[in-house]
Amino acid sequence: MKNMFALEESVTSLLIPDWATYFVQPPLSAQIVFSAIIIITFGLIATERLHKTVAALGGAVATLVAGGYFSYAYSWVPFFKYFASLYYEMEIGLPFPIAVWQPLLFSYTDVYKEFIDWSTLLIIISVVIITTVASRSGLFEYIIIKVVKFSGGDIKRLFIYLWILTFLLTMFLNCDPCFIIVSVLVFQISKILGLNPKPYILGTVFVVNAASSSTIIGSFVNILVSGHYNLDPARYLSYPTFIVLGLPFAGIGTVIALFFVFRHYKDAFQIPKEKEEYLKMREGLLSFDERSVMRNPKIFRRLGILLAATIAGFVVAGLISLPFYVVSLGFAFAFLFVSGEDTEKTLREVDWSLIFFFIGIFIIVGGVDRTKILENMGNSLGSLIFANTPATTILVSSFCGGLSGVLDNISVTTALLYVTPSLSSTALISQNLVIWSLIYGANIGASLTPLGGLPNLIGVSALEKEGHHVSWREFMKIGVPITLVTLFAGIFLLLGFSRIFGWGFDPSGLISPISEYLWKFDITAII
């Protein structure tokens, strides 16, 4: 749908004479109104003055109202476009009229056809259902208890193993539900051993954020970007190809995160002075019975096999170019069917507020995009880094990482997805490099501040409830160096990939303006 609109828009620009384009451009008043909507909405989300879903839906309603107003105020634009293009067709002597009929910004039909990415929403809903059903079975708790026992109760070894497992669960589950599952066990382990949970919860936050770039379903940022480009394997955005570029960055980021966590909280990983008391507590920890978390052993085994089949199915779907939402929806059905539990109860546990949050953000960003603000932003940024591969990588990853740290990284990614095409074409740099700079920046940028991602907010608020205050200064004392060093490593990694895959200078961005000039200069010569 998005490609179809882009094609119609390009045909429109070619068929309308230069003297008429001024009258069909979005007016400054529209750009101001839609800019205000997105800035206020993102501000409310970042400051948590409103629940993020309420803020997103409020912004979506404002976008629809503003779009309706400008459609009414500029209702003459479709007529003007039609007759101007018809006049120009007759002027250049085309045998068949291709006159267009488009409103100034968008119609309400465009909202659900163009703005909302339904395939991405289906993937998100399916992943959430799979995670919800699997977590209720006790499968992940069983695995974590096994890891605890394998560590022998040694504090440092215990959390190294636990965070390695966290990395793997993030790859296959998504960072948000993974953190919720692991953090519950971390609190329990801390209580049994009489430890302050703060270092271990914050360590889990930073590991989850670092691991989130490993696979398509590792974070909602990855799902958004991949869905936007239809999981194009040529852009390394199918499930198996994503791992090629995402997993190395996730691995490097996790090592960096662990280094700073162990360095900052080195005393927390030493055996307490009261060794005898600690040994008694460790015995209690190792006495965990992993079988106690199995509600139904038969269903438990089935879901374990089904989870492995789901992961394999995602990989195979990418290899045979099967739509990812079809596979994820199929496995979501399988989990609901096999679980044997009340389907309505399971669906009530799904975070539907997250789905409506995405819908709201899609509508807001789609409306802003039609005012050309995001395209102009891309052109401006692209002119700063013209034909400079290192500068492009640094600018995009740092810009996206910084914004993701102070705003919601999902909102930032959704908006910047509309900036990347014009940025890459203006800078004459491969769009693949820009896309992956965006992915790296948005994922690791979440570690910058307590507002950067959902795991941060959940972890900090859970610690507050337990009486352990985490100030912005304390969080950023670890988060800032982790983010900066990981971004630095990611930039070098992307520059290496750009050499391997030829993602540097890309002159294809010149083709569009040249062909447009030739079309308008002498269309009959081309024909």
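Under the combined filter of DSSP loop state and at most 15 neighbouring Cβ atoms within 10 Å, the range 447-485 retains these GluC sites (Glu not before Pro): GLU466.
Annotation: peptides 139-149, 360-370, 345-355, 414-424, ranked by per-residue average of other Cβ atoms within 10 Å with the highest first, follow the order 360-370, 414-424, 139-149, 345-355. Each peptide in 316-329, 390-403 receives the mean, over its residues, of other Cβ atoms within 10 Å, and ordering these scores from highest gives 390-403, 316-329. A protection proxy built from the mean count of other Cβ atoms within 10 Å ranks the segments 444-452, 249-257, 111-119, most packed first, as 444-452, 249-257, 111-119.
Pairs LYS149/LYS266; LYS149/LYS191; LYS266/LYS477; LYS198/LYS465: which are spaced more than 18 Å apart, C-alpha to C-alpha?
With Cα atoms farther than 18 Å apart: LYS149/LYS266.
Look at LYS198, LYS372 and count the other Cβ atoms within 10 Å of each Cβ; fewest to most, that gives LYS372, LYS198. Rounded to the nearest 20, the Cβ-based charge dipole of the range 307-433 about its Cα centre (Lys and Arg +1, Asp and Glu -1) stands at 380 debye. Take the Cα of PHE492, step 7 Å toward its Cβ, do the same at ARG263, and the gap between the two points is 1.4 nm. Placing R0 at 35 angstrom, the Cβ-Cβ distance between ARG136 and ILE500 gives a FRET efficiency of 0.20 after rounding to 0.05.
A simple spin-label model places the labels of ARG301 and VAL54 4.9 nm from each other, with each point 7 Å out along Cα-to-Cβ.
Rule-based calculations on the coordinates, nothing more; no lab input. Every value quoted in this text rests on a predicted model; they were computed, and no experiment measured them. Cβ sites come from the backbone with ideal geometry, for glycine too, and all protein chains shown count toward neighbours.
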